[in-house]
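Each remark here refers to the structure printed beneath this line.
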Amino acid sequence: MLVLPLFSGSCKNYPEYMSQVLTNTSPGLSNAWHPVLHVSDLGNEPVRVELLGEPWVVTRLNGDITAFLDKCPHRNARLSEGKVVNNSLQCPYHGWEFDGTGRCGFIPALGKDATIPPTAHLQARHVQVMYDHIWICVGTPACDILDVPEWTDSSLAHVWMPAVDLKASAAQFMDNFLDFGHFPFVHAGTFGSGEDEHIVDYEVQRSDNGYGFRVDYPHTIENNEDPLVKTGEHPLVQPRNMTYVYGAPFTTILRLELPLTGVVNAILTFVQPINDNHSRLYTVMLRNDCPTPELAQEAIDYEFAVLQEDIKIIDYLYDHKIPLEAGQAHTRADKNTIEFRRIMTKLLLTAKG
Ligand code: FES
Ligand SMILES: [Fe+2]
């Protein structure tokens, strides 16, 4: 087997690259967007979420969604235990009030016209709603959230999977999701048994912003979801066009098209790096073959069986780190996950600048 050094010839571009290890709390991840909550789970009360090993409080203030570190600058109380008063977030401990920009506008113990010390304010973090979820960037965004045209394609139904908690890093899940050399082994119980073990050479096309890529990989699978296989009208092994579009740090859409049946299933997945040992996975299937709730449930059950096969592997990896230096063997079949490591290296270096 040919074993390639990671990023052969490109290390010069990343002089600090040799010391990088990617975990859910790597500082460079602060400069990226992360999903933290389904938008319908935020009502009128503040909600505590965990991201990058830190607690954050998410609130609606004056119609806008805001995010702050869940730590009052006075005596470190959890702001998420407070409430919304006067369009401000009120700390539960001594009643300080913070507006949507993080400015502390009222300290009850000092009275109405008191001078507020500059250290009393909170730092507001970047917030946006995308794909029905609240995303936050606690630093300076290095790139946008991946744009997914399928999201607004009216021919595709949105079939959500339940959010899944993982005992692995977000990068380890993404690494698995992008990888297609594991299909015949890990997914032998679902779609993988008809897959070729041999990975034909393929291209990785970098995106213009340098924080994403696309891979097209036509191949064949056993299509157990096709009802015409049982009647003998279609063969079990069918051609499938597979396209991955990845955007940093942990968002990918995997578009699967089966020309024989006309089925399109675009699996959009994004991962929340919670802390060093946990992540949360959000998945929606954008499909043209699920017009009824029963068919949608069937699709969820099948995809969940596929996911369980992946979880059995990634929840039990050696540790929760991805070394970006020497320490993992790579082959030409791993081109896309090598590109993933290159992009993550670049993102991690934003913390040094
Ligand atoms: S700890 Fe928040 S107001 Fe005192
Ligand atoms: Fe898999």
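Annotation note: of 149, 118, 141, the sole residue that is without any contact (Cβ under 8 Å) to a residue 60 or more places away in the chain and within 25 Å of residue 337 (Cα to Cα) is 149. For the stretch 164-193, the candidate set comprises residues that are under 26 Å from residue 347 (Cα atoms) and assigned to a loop (DSSP other than H, G, I, E, B); within that set, the residue that is farthest from the chain's Cα centre (by Cα) is 181. Taken residue by residue, the stretch 286-303 has at least one member that is within 24 Å of residue 146 (Cβ to Cβ) and in a strand (DSSP E or B). Scanning the stretch 75-89 for residues that are touching a Cys at 6+ places or on another chain (Cβ under 9 Å), of a type in the set (D, E, K, R) and within 11 Å of residue 45 (Cα to Cα) yields one hit, 81. Applying a threshold of 9 Å to beta carbon distances and a minimum spacing of six or more residues, or different chains, the list of pairs starting in the stretch 156-173 at a residue that is farther than 29 Å from residue 294 by Cβ and ending at one that is in a helix (DSSP H, G or I) and polar (S, T, N, Q) reads 168/176.
Checking each residue in the stretch 315-351 for being under 15 Å from residue 176 (Cβ atoms) and hydroxyl-bearing (Ser, Thr, Tyr) picks out 316, 318, 337.
Just one residue in the set 347, 281 is at pLDDT 95 or above, surrounded by 15 or more Cβ atoms within 10 Å (Cβ to Cβ) and more than 21 Å from residue 160 (Cα to Cα); that residue is 347. Given the condition within 30 Å of residue 322 (Cβ to Cβ), in contact (Cβ under 8 Å) with a residue 60 or more places away in the chain and crowded, with 19+ Cβ neighbours inside 10 Å, answer yes or no: does some residue in the stretch 70-85 qualify? For the stretch 70-85, residues within 30 Å of residue 322 (Cβ to Cβ), in contact (Cβ under 8 Å) with a residue 60 or more places away in the chain and crowded, with 19+ Cβ neighbours inside 10 Å: absent. Condition (residue is within 16 Å of ligand 2 (Cβ to nearest atom) and in contact with a helix residue (DSSP H, G or I) (Cβ under 8 Å, 6 or more places away or on another chain)) applied to the stretch 107-118: is it met by at least one residue? No, that holds for no residue. In the stretch 204-233, the residue that is nearest to ligand 1 (Cβ to nearest atom) out of those that are within 25 Å of residue 342 (Cβ to Cβ) and in contact (Cβ under 8 Å) with a residue 60 or more places away in the chain is 211. Condition check: at pLDDT below 95 and either within 23 Å of residue 185 (Cα to Cα) or not aliphatic (A, V, I, L, M) (or both). Does residue 318 satisfy that? Yes. Report yes if some residue within the stretch 213-220 is assigned to a helix (DSSP H, G or I), in contact with a helix residue (DSSP H, G or I) (Cβ under 9 Å, 6 or more places away or on another chain), under 21 Å from residue 302 (Cα atoms) and at pLDDT below 90; otherwise report no. No, the conditions are met nowhere in the stretch 213-220. With respect to the conditions (1) assigned to a loop (DSSP other than H, G, I, E, B); (2) touching a Pro at 6+ places or on another chain (Cβ under 9 Å); (3) of a type outside the set (Ser, Thr, Tyr), residue 242 falls short on a single one, namely (1).
The values are calculated or read from the model by the stated rules, or taken from the named source; none is laboratory data. This is a predicted model, so every value here is computed, not measured. Positions of Cβ are generated from backbone atoms using ideal geometry, with glycine treated the same way; all protein chains shown enter the neighbour counts.
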